[in-house]
């Protein structure tokens, strides 16, 4: 069985950033640390779990991103992916989700797959769009926000459970090939061992240079959120802050 | 002729979800009300009553897309249904809810209809003859303003808009028996499970954990903080539940519970719209986070920039000392 997993590299959640004066770009300093988008880590882990159950399963990962996104692919190889494809685009942040879906749909058309796994959204741009867009381009069935996944390779079918909210789920059966976008918390992503991390450093990553320039015409303006409240920020030492918080709660009769 | 705007009515087994009525409030917004010819579409098998209810409450013309294979939700089936509606209406803009079911079909509809896609919108405004959408990125740290391109499918966060006021006159209902061919997907039943966490609803003080709590060991500090208050409970963000710090039944936010305690401690919670949707009605919010850029500080009454394991024990000890006096 062939599983394709699409992953994205994102800046660490607490990374400092700057918004350019014209508001059109978000800049992260050169020492920013990056990681695999956490939703995609769950997708990758789900592929690894399936590969443990189903013999002869081959996992390929692909990403679209700048050269430094290679570290995300190396980590995917270190935890057990077999092949890695890197669509190199230095300006990946301005490529629209639809354009990314088109690139990955072309990738899927030229590589064998029974299941495409992806995260339900990315932590940084949070569009939650790639999976269904990709399925629509490939004309394959799909389901998103999946919290439970069972694959029957003999019947070529997938049984999945989607989360509608924390106490409501729906089951769905899809024939393969299909696309599954997983919800966070479906599993516990593993960590790579040191020996596998070292091995992954030598593994081949297929690089494809993207020459296309973005056709996206939606121009965004970024800004910081506005304060909705007069927040009392405590700026003293730990002890001073504790006393100030106590005073606040005491005067409000909350403590 | 006016351009068309169409609302996708989300429902579970014929019960219309609150977020669909929120979308209807767009049709009453200044500028939008006259600019568009509004309609709404609902797909399913036994949906005539739901369609009539929506038309009556909102005054919007409802197109009910009927087919036996739509008894249960599948992205494939519902997409085909909404494609039928889009072929009939040819909307310049489609509004759907940014929910697991809305997000399952809206991006695919955009692809199939050659429309742009703008998602998880928090605010809609109108200026210079254009619709401006505001959405958030990076867990709420950055806001993004986008002039909606034409044509567009746009998903709106639940809770971002007020529910639509009851209309004076009912809208029409047009039932369409549509042909959607044979589906590959076999959607199953919906299961409702009783989860833990009911005590959150009655708690006066909630101590809530986020990703910033870091490890299960640090939950001890939160339990000590909660024990300072009678009628208190511990909850958590989605991230805290995913990390196993808090049981999913105690999740606060869009896919979890909505709470409105007297006092809410947000411990190591960044403050994504997903989370804020569930706790914005707390009367007082205290945020503790070592990331000074965390958006939770924008809605907090008191903010402390510090690590949970550093600040909380000091605060708990201080309160203990005061109580001993």
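See the values below:
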quantity: Filtered residues of the stretch A:223-247 (kept if in a helix (DSSP H, G or I) and more than 7 Å from chain B (Cβ to nearest Cβ)); calculated: A:240, A:244, A:247
quantity: Selected residue (criterion: farthest from residue B:210 (Cα to Cα)) from residues of the stretch B:299-325 that are at the interface with another protein chain (Cβ under 7 Å from one of its Cβ atoms) and buried (at least 23 other Cβ atoms within 10 Å of the Cβ); calculated: B:315
quantity: Wholly within the stretch A:85-196, strands (runs of 3 or more DSSP E) carrying at least 3 residues that are touching a helix residue (DSSP H, G or I) at 6+ places or on another chain (Cβ under 7 Å); calculated: A:115-119, A:142-152, A:157-165, A:178-182
quantity: Selected residue (criterion: surrounded by the fewest Cβ atoms within 10 Å (Cβ to Cβ)) from residues of the stretch B:140-162 that are outside any loop (DSSP other than H, G, I, E, B) and touching a helix residue (DSSP H, G or I) at 6+ places or on another chain (Cβ under 7 Å); calculated: B:140
quantity: Any chance residue B:296 is in the same structural domain as residue B:230 (by TED's automatic domain parsing), crowded, with 24+ Cβ neighbours inside 10 Å, within 29 Å of the chain's Cα centre (by Cα) and closer than 17 Å to residue B:205 by Cα; calculated: no
quantity: Hits in the stretch B:84-103 (condition: under 19 Å from residue B:45 (Cα atoms) and in contact with a helix residue (DSSP H, G or I) (Cβ under 6 Å, 6 or more places away or on another chain)); calculated: B:86
quantity: Residue within the stretch B:49-60 that is within 21 Å of residue A:173 (Cα to Cα), crowded, with 24+ Cβ neighbours inside 10 Å and out of contact with any strand residue (DSSP E or B) (no Cβ under 6 Å at 6 or more places or on another chain) present; calculated: no
quantity: Meets criteria (at pLDDT below 95 and not assigned by TED's automatic domain parsing to the domain that holds residue B:107) for residue B:186; calculated: no
quantity: Exclusive hit being crowded, with 20+ Cβ neighbours inside 10 Å, closer than 27 Å to residue B:120 by Cβ, within 15 Å of the chain's Cα centre (by Cα) and at pLDDT 95 or above, set A:125, A:120; calculated: A:120
quantity: Qualifying residues in the stretch B:114-132 (those that are more than 10 Å from chain A (Cβ to nearest Cβ) and either in contact with a helix residue (DSSP H, G or I) (Cβ under 7 Å, 6 or more places away or on another chain) or in a strand (DSSP E or B) (or both)) - the one surrounded by the fewest Cβ atoms within 10 Å (Cβ to Cβ); calculated: B:127
quantity: Pair list, Cβ < 6 Å and 6+ apart or interchain, from the stretch B:158-186 residues that are free of Cβ contacts under 8 Å to residues at least 40 places away in the same chain to residues that are part of a loop (DSSP other than H, G, I, E, B); calculated: none
quantity: Residue among A:97, A:63 that is under 30 Å from residue B:113 (Cβ atoms), within 14 Å of chain B (Cβ to nearest Cβ) and crowded, with 19+ Cβ neighbours inside 10 Å; calculated: A:97
quantity: Scan of the stretch B:26-78 for residues that are within 14 Å of another protein chain (Cβ to nearest Cβ), more than 22 Å from the chain's Cα centre (by Cα) and assigned to a helix (DSSP H, G or I), ordered by number; calculated: B:69, B:70, B:76, B:77
quantity: Residues being closer than 26 Å to residue B:280 by Cα, touching a helix residue (DSSP H, G or I) at 6+ places or on another chain (Cβ under 6 Å) and part of a loop (DSSP other than H, G, I, E, B) - total across the stretch B:169-216; calculated: 4
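The values are calculated or read from the model by the stated rules, or taken from the named source; none is laboratory data. As the structure is a computational prediction, the values presented were derived from the model and not from experiment. Because the Cβ atoms are built from the backbone with ideal geometry, glycine has one as well, and the counts that use them run over all protein chains shown.
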